[in-house]
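Heads up, the thing below is written out as structure tokens.
Quick note: the coordinates plus some simple rules give every number you see, no bench work behind them. Keep in mind the model is a prediction, meaning the values are calculated, not measured. FYI the Cβ positions are ideal-geometry reconstructions off the backbone, even for glycines, and counts take in every protein chain you see.
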Amino acid sequence: MSGAPGAESPHEAFYFYNYLRLNAVRSGKWKLVPPRPASPPGTGWSGRMIDAVEKIQLYDLEADIEERYDLAGQHPQILERLARLIDKAREDLGDHKMVGSGARFFDAPRPTSRG
């Protein structure tokens, strides 16, 4: 996070959610954005700022921090790898129409020390 030369993230990917909706995955310098409607249902007040994405998009954030140039057609191997990460996140964490196997949000309440 400090931007030290040669620093590497210990994480394979970061997943971007808005409420229960998976909006993107980032791995290294690459960010994949799956299709979605504008102002998606279930995103509450903040959803009004979410634009529609008609087709899957891929960005090189080192070269294009503003996400202006979709490179999905130029890097099929990267797109496929990140799409597998999206599938993995949906299976584990869930998405707007599915509960993931590892989603703790839906667990039964656990007893606390407060009673």
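Below is a table of values for the structure above.
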item: Long-range amide H partners of N18 with built H, under 5 Å; result: N23
item: Local electrostatic count, I50, Cβ distance below 10 Å [Lys/Arg +1, Asp/Glu -1]; result: +2
item: The stretch 9-26 residues near the modelled K88 label - backbone nitrogen below 18 Å, point 7 Å along Cα→Cβ; result: 9-17, 22-26
item: Ranked by how many other beta carbons lie within 10 Å on average, peptides 78-85, 20-27 from highest; result: 20-27, 78-85
item: Radius ratio Rg over Rh of the stretch 13-63, counting only Cα atoms, Kirkwood formula for Rh; result: 0.99
item: Helix 76-92 vs. the chain, principal-axis angle (Cα, 0 to 90°, nearest 10); result: 0 degrees
item: Kirkwood hydrodynamic radius of the stretch 14-99, Cα pairs, Å; result: 13.3 Å
item: Residues whose placed amide H lies under 5 Å from that of D95, excluding near-sequence neighbours; result: G100
item: Distance (nanometres) between label positions extended 7 Å along Cα→Cβ at L61 and A103; result: 2.4 nm
item: Estimated distance in nm for a label pair at K29 and Q74, the labels positioned 7 Å out from Cα along Cα-to-Cβ; result: 1.1 nm
